[in-house]
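Q: One structure is given below, represented as structure tokens, and several questions about it will come after.
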Amino acid sequence: MLALWIQDDEELLSRDGRIEAAIARLASGDIAGLETLYSEIKTDVYAYALSKLVDPTLAEDVAHDTFVQIYKYASHYRAEGKPLAWIFTIELNMIRKHFRTKNRSVSLEDVLEPRVEEDFTLRVINRELLREMLARLSEEEREVITLHAVSGLKHREIAALLDQPLSTVLSRYNRAIKRINAIEKGEIL
Amino acid sequence: MKKQDLEGKLRDAYESETPELLERIKESCAKETPSVAAPEASVKKERSGTRRRALQYALALSACVAILLSGFLLYRLIPTGDDTPASPVVDAFVYIDVNPSVELQLDAEGRVLACNAGNEDAERVLSDLSLEGMQMNSAIFAIVGSMHDNGYLTLDTGAVLISVDAREDAREEMLLSAITAHVNVALDGSDLSCSVFAQSVRVTDALRQLAADEGISVGKAHLVEEVRRTLGKLSDEDVEALLSMSIEELCELSSTLLKEAEAYLSPQLVQAAIDVFLSGEGVLAEYFDVSMCLVRDEEGIYRPVYEVDVFLREGVTRSYRVDPQTGEIKRIYTAE
């Protein structure tokens, strides 16, 4: 009964609270914290890497390296209610390390190979939208729209994370939305 | 489509693309030793020691540099007895752009010191010409004639761009007039008529770098920068559009801007106009982003317009286009 009550209490936490709780468990040496953390943020971490790198294989490597770094440095995290900012800072460092050591250029063929499927389900349509977005938006636009759409970061939080003026973040976000709308309508950009 | 719907689609797409990496991560973590955060006090003490050592290294390095610099200056002051005459001084750079892009370097007497091709087409134009030592006007006739013979100057050619960078302003103005006149005479001689645009340029390293990076001539690069300076903040797409414009399109846009830009509303006035407009609708804006952009009109001619993005509250933005001369406002987009 007590264990069930504790679990219910965790579910009542906000998402940030659940992530912080998982980091705290990890810092105390509880490997179950890693599994909880992974299930909470795996899409955030992978999506951010993919938005920056475009190549799914490279994005997988960076996502993997980011989680390993989080595991190593969990005890360094200071709970201030903004765990995603800490996590993305780690991930940005992994991405920059990747750029320093590997060839940066990515061709369109590396961007989520198009699948030919007879059944045009919603999943396929969304995948095509993502593929077009990755191919046609600039790195800065992909970065901002992904952090906002997938991780729910506010524009001010994104500006702080990227050390950019709020005006720059807003411009990039608006441009990205307009371009994605144009992609959706099939307009040529 | 509503912004939330778009974001939802992207989120779903990312979720379905996210691979399963947990087992691979756990295997890697098993080989790592978690780092333990160091206490604050010992970190501060280490820093002060580090700072003292850094200062000692900086002082030693400064002393070495001072010794080396003194030696170098002494060497330069001692006469060497070298009698090699100085190279002729370039008094002016002249650029002729049609699509071939040619650079002439002139001395103070207007003689050609050097002639360089800015692209492959220009190499073809200059391949049969030997212009060093020639007077500027003869060189101009030869270049225009070769461009015509090689098919780069035809009845369809819209514009020739002349750019001059001279050591003195008075000389620069004289060269601009003279070269424009010579080009016109040469064009008449080939029964061609196209507009001749002339501009003063300052050829800096940054301008050369821009030209090299974008694969365009120095003259075109200067024109692009002038248009950007006149219009203010432009989007990346509009800068790309400028860079890919023909010389004729760019020259015409620049001429239009020269005539009209003085009458443009300032970005501050545009923002104030939008603010008043929104107040009339009972809407309060948190933040404005005003930029100039280029749009093609019905005749296919590029025209500058202001684009204003208004951030109403988290998640709600509107975009408006404003005519820079009339101030006419048109809403083009809403994202909620």
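Since every read-out is calculated from the coordinates, none of them should be taken as a lab result. The structure presented is a predicted model; accordingly, all values stated were derived computationally and were not measured. Because the Cβ atoms are built from the backbone with ideal geometry, glycine has one as well, and the counts that use them run over all protein chains shown.
Q: Using Cα centres only, tell me the gap between segment B:260-336 and segment B:89-126 in whole Å.
A: Here the answer is 43 Å between Cα centres.
Q: Can I ask one more? Which whole-number percentage describes the relative contact order of segment B:145-198, with Cα contacts under 8 Å and a sequence gap of 6 or more? Mind showing how you got there, number by number?
A: Working: 46 pairs, mean separation 26.7, N = 54.
After rounding, I find 49 percent.
Q: To continue, here is another question. Project the alpha carbons of segment A:130-189 onto their principal axes and report the range along each, largest first, in whole Å.
A: Result, largest extent first: 34, 20, 15 Å.
Q: Sort the following peptides by mean Cβ neighbour count (other Cβ atoms within 10 Å, averaged over residues), highest first: B:26-36, B:143-153, A:145-155.
A: The most tightly packed comes first, giving A:145-155, B:143-153, B:26-36.
Q: Using alpha carbons only, how many angstrom separate the centre of segment B:135-168 from the centre of segment A:129-176?
A: 47
Q: What three numbers, in Å, describe the spread of the alpha carbons of segment B:267-334 along their principal axes, ordered from the longest?
A: 37, 23, 17
Q: Just to confirm the filter: which trypsin sites (Lys or Arg not before Pro) across segment B:232-336 are DSSP coil and have at most 15 other Cβ within 10 angstrom of their Cβ?
A: On the way: sites: B:Lys233, B:Lys259, B:Arg296, B:Arg313, B:Arg318, B:Arg321, B:Lys330, B:Arg331; in loops: B:Lys233.
Those that pass, being in a loop and sparsely packed, are B:Lys233.
Q: Still on this structure, please answer the following. Past 26 Å, Cα to Cα: identify those pairs from A:Lys52/A:Lys154; A:Lys154/B:Lys31; A:Lys52/A:Lys178; B:Lys9/B:Lys330; A:Lys52/B:Lys9; A:Lys178/B:Lys220, in the order given.
A: Working: A:Lys52/A:Lys154 19 Å; A:Lys154/B:Lys31 36 Å; A:Lys52/A:Lys178 19 Å; B:Lys9/B:Lys330 29 Å; A:Lys52/B:Lys9 19 Å; A:Lys178/B:Lys220 30 Å.
Exceeds cut-off: A:Lys154/B:Lys31; B:Lys9/B:Lys330; A:Lys178/B:Lys220.
Q: I'd like the mean, over residues of A:173-182, of how many other protein chain beta carbons sit within 10 Å of each residue's own Cβ.
A: On the way: counts 5, 11, 5, 1, 9, 7, 1, 6, 6, 0.
For peptide A:173-182, the averaged partner shielding equals 5.
Q: For a quick protection proxy, order the peptides B:118-125, B:275-282, B:170-177 by their average other-Cβ count within 10 Å, most packed first. Numbers along the way, then the final one.
A: On the way: B:118-125: 18.4, B:275-282: 11.4, B:170-177: 15.2.
Ranked from most to least packed, the peptides come out as B:118-125, B:170-177, B:275-282.
Q: While we're on this one: How many partner chain Cβ atoms sit within 10 Å of a residue's Cβ in peptide B:214-225, on average, as a whole number? Before the final figure, lay out each step's value.
A: On the way: counts 0, 0, 0, 0, 0, 0, 0, 0, 0, 0, 0, 0.
Counting other chains' Cβ atoms within 10 Å and averaging over B:214-225 gives 0.
Q: Hey, got the average number of other protein chain Cβ atoms within 10 angstrom for residues in B:24-32?
A: Values: counts 5, 12, 7, 2, 5, 8, 2, 1, 4.
Mean shielding by partner chains, rounded to a whole number: 5.
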